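Please read the structure below before turning to the comments.
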Amino acid sequence: MSTVSTGHLLERLSAYAEAAMREGLGIEDPNADVRPATNPRFGDYQINGVLPYAKALKANPRQLAQQVVDALDTHGVCLAPEIAGPGFINLRLDPAWVAREVAERAFDPRLGIAPVADPQKIIVDFSSPNVAKRMHVGHLRSTAIGDAIVRTLKFLGHDVVGDNHVGDWGTQFGIILWGWKHHRDEAALERDAIGELERLYKLGQAMGKDDPAIAEAARLELAKLQAGDPENKALWERFVAISRAEAEDVYRRLEVEFDTWNGESHYNDALPGIVDDLVARGLAVETRGAIGIFFDEPGLPDTPYLIRKSDGAFLYATTDIATIHERVDELGAERIIYVVDVRQSDHFRQLFATCRKIGYDKVTFEHVGFGMMLGADGRPFKTRDGGTVLLESLLDEAEERILPMVQEKWPEASEEDQRAIAAKVGMGAVKYADLAQNLGTDYKFEWDKLLAADGNTGPYLQYTLVRTLSVFREYEARFGAPFDPKDATLALTTDEERDLAFELVRLGDVIERVGASLRPHFLCEYTYNLARRFNAFYANCPILKAEELLASRMTLTRATWQALEVALTCLNIPRVQRM
Ligand code: ARG
């Protein structure tokens, strides 16, 4: 059993159950199908994998379950297993094991969760706004979800590259170049560069609609840029730099970082070769003057996947194929994850099918498609006058709404400190509201709910963490030194202590589940339950006045703090010292 890594309980129980199935049933490569129990009455975990073998082995499933139970050694993790129903095996964790486990790991920054034995090279493509536009609320989801996925996979020990695939190339630049050359307002540029780029784009677009000569002029500017004209190239670089600076401000506020910023333009030189190669291999064909790929796989749109337009221009799809060549052939990616609006799922289905045709069959491709953020009325989230809500203003509003609460709780702090806390709590609340949703569907953004001090919210979790810190501070004040790791011990004397400790040993399973399913809301749910259990423990079990249970309860508090730290680090919800 030495191959079983610590901190991954489900994986460990699966290994024990599979060993028992090999020994008790003589199955060479069994699937024990161990899962968390659906109902606490049945224990904590259940082995569901015996039943399916009954037919093949021509035996009574309960009898088979008995043979597995006889051969099962859980190395002290579980109490005696029980057979239930037609042949399920229920497992209950041994409270003595749980207590030992928590006590041993309470001071370990990873809480005993070992990195995976076989790290993968993973690319996560997320956030990826189009340049020359301000970031709006639509960018929150990809940024928050993608970042949580990157951090969770890194925590698990994978070699992860978080890439911001910015849209820094395309037809919009012809229009902006034209607008810039004919209508730019230098004073506005000084004041608000990105706003001026946005204005020029809108203006150029509107004027081009009314006057074909202007549309044509914009196309010429684009053609010049694509042909490498030095003036246009220099201007384009300037536009990209302006946008990047603007985006960096937003990312700084969200505390999000990227490993690379390989935008669409990074792949320009590769595009002609990609099209030629796909044509030469017979994978892409001419269709009405353009070049496209056709599929006969079921479930794919029946329109071709276009990689070159009839005027010779390349498309979004062409660039995405180029990114895969680089990510796989040069970076050695084994898994590529795209965190992009669900409305792009046809694009990704066709992209992945193209990759299968090309022969990238050892790489896992996943599109994490998320739904829209809606206003409280269930309609697309808009400003009062119907405009798009900027991400910056959303963060400003969160901060403004939180500030009075901080001022009330912490009146003696300077306004600067109060604002700093309000910024972190507000940002955490907004991000957490997004992460806590099962991401496939649309969700309603409701200020009162997401800022609430209790419930499944960012502030509630941050507050719980602050509460654990206050216990440490009081301990130190009372006993003159911080709680010492060598005093760690744990006795589970009440239901609250037991429930909390049993929750703590599951953290590794949950993180593993997020890494596999790419659904951060599982970790949110877990963290919320953990916080609730801690608060129940805090309300019902004295800690500093616990006398002989003092060290035990401090250990439990310490392990909870550590688990919250790990969970909030993976979700990237900021921690504050006070609230
Ligand atoms: N820039 C695109 C958009 O705003 C998203 C890019 C997603 N990533 C990708 N590799 N296609 O819609």
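Kindly indicate which of 125, 94, 108 is of a type in the set (Asp, Glu) and without any contact (Cβ under 8 Å) to a residue 24 or more places away in the chain. The unique qualifying residue is 94.
Candidates in segment 352-386 are the residues that are under 18 Å from residue 322 (Cβ atoms) and free of Cβ contacts under 8 Å to residues at least 24 places away in the same chain; of these, the one that is nearest to the ligand (Cβ to nearest atom) is 352. Residues that are free of Cβ contacts under 8 Å to residues at least 24 places away in the same chain and under 28 Å from residue 501 (Cβ atoms) do occur in segment 40-48, at least one of them. Number of residues in segment 229-281 that are touching a residue at least 60 places away in the same chain (Cβ under 8 Å), in a helix (DSSP H, G or I) and of a type in the set (Asp, Glu): the value is 3.
Hey, among 174, 170, 146, which residue is open to solvent by less than 10 Å² (accessible area, probe 1.4 Å), touching a residue at least 12 places away in the same chain (Cβ under 8 Å) and touching a strand residue (DSSP E or B) at 6+ places or on another chain (Cβ under 9 Å)? First the steps, then the outcome.
On the way: 174 fails: touching a strand residue (DSSP E or B) at 6+ places or on another chain (Cβ under 9 Å); 170 fails: open to solvent by less than 10 Å² (accessible area, probe 1.4 Å).
Being open to solvent by less than 10 Å² (accessible area, probe 1.4 Å), touching a residue at least 12 places away in the same chain (Cβ under 8 Å) and touching a strand residue (DSSP E or B) at 6+ places or on another chain (Cβ under 9 Å) holds for just one of 174, 170, 146, which is 146.
Going residue by residue through segment 368-377, is there one that turns out to be surrounded by 12 or more Cβ atoms within 10 Å (Cβ to Cβ), at pLDDT 95 or above and part of a helix (DSSP H, G or I)? The answer is no, given that none of the residues of segment 368-377 is surrounded by 12 or more Cβ atoms within 10 Å (Cβ to Cβ), at pLDDT 95 or above and part of a helix (DSSP H, G or I).
Residues in segment 291-323 that are assigned to a strand (DSSP E or B), closer than 17 Å to residue 171 by Cα and not charged (D, E, K, R): how many?
Of the residues in that region, 3 qualify.
How many residues, within segment 313-324, are near the ligand (Cβ under 10 Å from one of its atoms) and polar (S, T, N, Q)? The number of residues fulfilling the criteria is 2. When residue 333 is tested against (1) under 18 Å from residue 268 (Cα atoms); (2) in contact (Cβ under 8 Å) with a residue 12 or more places away in the chain; (3) not in a strand (DSSP E or B), only condition (1) is not met. Taking residues in segment 73-86 that are touching a residue at least 60 places away in the same chain (Cβ under 8 Å), and partners anywhere that are assigned to a loop (DSSP other than H, G, I, E, B) and among the hydrophobic types (A, V, I, L, M, F, W, C), the pairs with Cβ atoms closer than 7 Å and at least 6 places apart or on different chains are 75/1. All conditions but one from (1) touching a Ser or Thr at 6+ places or on another chain (Cβ under 6 Å); (2) farther than 21 Å from residue 254 by Cα apply to residue 348; the one that does not is (1). Filtering segment 537-563 to residues that are over 21 Å from residue 462 (Cβ atoms) and basic (Lys, Arg) leaves 545, 553. Inside segment 129-160, residues that are of a type outside the set (A, V, I, L, M, F, W, C) and within 11 Å of the ligand (Cβ to nearest atom) make up a count of 8. Of all the numbered requirements in (1) in a helix (DSSP H, G or I); (2) out of contact with any Gly (no Cβ under 9 Å at 6 or more places or on another chain); (3) not basic (Lys, Arg), residue 482 misses one, and that requirement is (1).
Given the criteria at pLDDT 95 or above, assigned to a helix (DSSP H, G or I) and more than 30 Å from residue 551 (Cβ to Cβ), does residue 103 qualify?
no
Which is charged (D, E, K, R), within 16 Å of the ligand (Cβ to nearest atom) and open to solvent by less than 10 Å² (accessible area, probe 1.4 Å), of 343, 349, 327, 335? Working first, answer last.
Values: 343 fails: open to solvent by less than 10 Å² (accessible area, probe 1.4 Å); 349 fails: open to solvent by less than 10 Å² (accessible area, probe 1.4 Å); 335 fails: open to solvent by less than 10 Å² (accessible area, probe 1.4 Å).
327 is the lone residue from the list that is charged (D, E, K, R), within 16 Å of the ligand (Cβ to nearest atom) and open to solvent by less than 10 Å² (accessible area, probe 1.4 Å).
Here's a check for you: in segment 111-128, which residue that is of a type in the set (Gly, Ala, Ser) and open to solvent by 20 Å² or more (accessible area, probe 1.4 Å) is farthest from the ligand (Cβ to nearest atom)? Among those that are of a type in the set (Gly, Ala, Ser) and open to solvent by 20 Å² or more (accessible area, probe 1.4 Å), it is 114.
Against the criterion of being under 27 Å from residue 249 (Cα atoms), open to solvent by less than 20 Å² (accessible area, probe 1.4 Å) and either charged (D, E, K, R) or part of a helix (DSSP H, G or I) (or both), residue 195 qualifies.
Take the residues in segment 161-185 that are away from the ligand (no atom under 12 Å from the Cβ) and in contact with a Ser or Thr (Cβ under 9 Å, 6 or more places away or on another chain); name whichever of them is nearest to residue 369 (Cα to Cα). Going through the qualifying residues, I end up with 162. Scoring residue 320 on the criteria (1) within 27 Å of the chain's Cα centre (by Cα); (2) at pLDDT below 95; (3) acidic (Asp, Glu) leaves a single failure, condition (2). Can we say residue 153 is among the aliphatic types (A, V, I, L, M), part of a helix (DSSP H, G or I) and open to solvent by less than 10 Å² (accessible area, probe 1.4 Å)? For residue 153, the condition - among the aliphatic types (A, V, I, L, M), part of a helix (DSSP H, G or I) and open to solvent by less than 10 Å² (accessible area, probe 1.4 Å) - is met. Checking residue 307 against (1) within 12 Å of the ligand (Cβ to nearest atom); (2) open to solvent by less than 10 Å² (accessible area, probe 1.4 Å); (3) not hydroxyl-bearing (Ser, Thr, Tyr), only one condition comes out false. Which one? Failed condition: (1). Residue pairs whose Cβ atoms lie under 9 Å apart, sitting 6 or more positions apart in sequence or on different chains, and linking a residue in segment 339-351 that is in a helix (DSSP H, G or I) to a partner that is open to solvent by 60 Å² or more (accessible area, probe 1.4 Å) and more than 9 Å from the ligand (Cβ to nearest atom), are 342/372; 342/441; 343/372; 346/303; 349/297; 349/299; 350/303.
The set of residues in segment 257-273 being surrounded by 18 or more Cβ atoms within 10 Å (Cβ to Cβ) and either over 29 Å from residue 146 (Cβ atoms) or touching a Ser or Thr at 6+ places or on another chain (Cβ under 6 Å) (or both) consists of 264, 267, 271. Select from segment 378-399 the residues that are open to solvent by less than 20 Å² (accessible area, probe 1.4 Å) and in a helix (DSSP H, G or I) and write down the one among them that is farthest from residue 433 (Cα to Cα). Of everything passing the filter in segment 378-399, 391 is farthest from residue 433 (Cα to Cα).
Determine which member of the set 434, 448 is among the charged types (D, E, K, R), more than 23 Å from residue 538 (Cα to Cα) and open to solvent by 60 Å² or more (accessible area, probe 1.4 Å).
Numbers: 434 fails: open to solvent by 60 Å² or more (accessible area, probe 1.4 Å).
After ruling out the rest, the residue left standing is 448.
The values are calculated or read from the model by the stated rules, or taken from the named source; none is laboratory data. Quick caveat, the model's predicted, so the values are computed rather than measured. Every residue, glycine among them, receives a Cβ derived from its backbone with ideal geometry; neighbour counts consider all protein chains shown. In case anyone asks, the SASA skips ligands and DNA or RNA and just uses the protein heavy atoms, side chains included. Shrake-Rupley method; radii C 1.70, N 1.55, O 1.52, S 1.80 Å.
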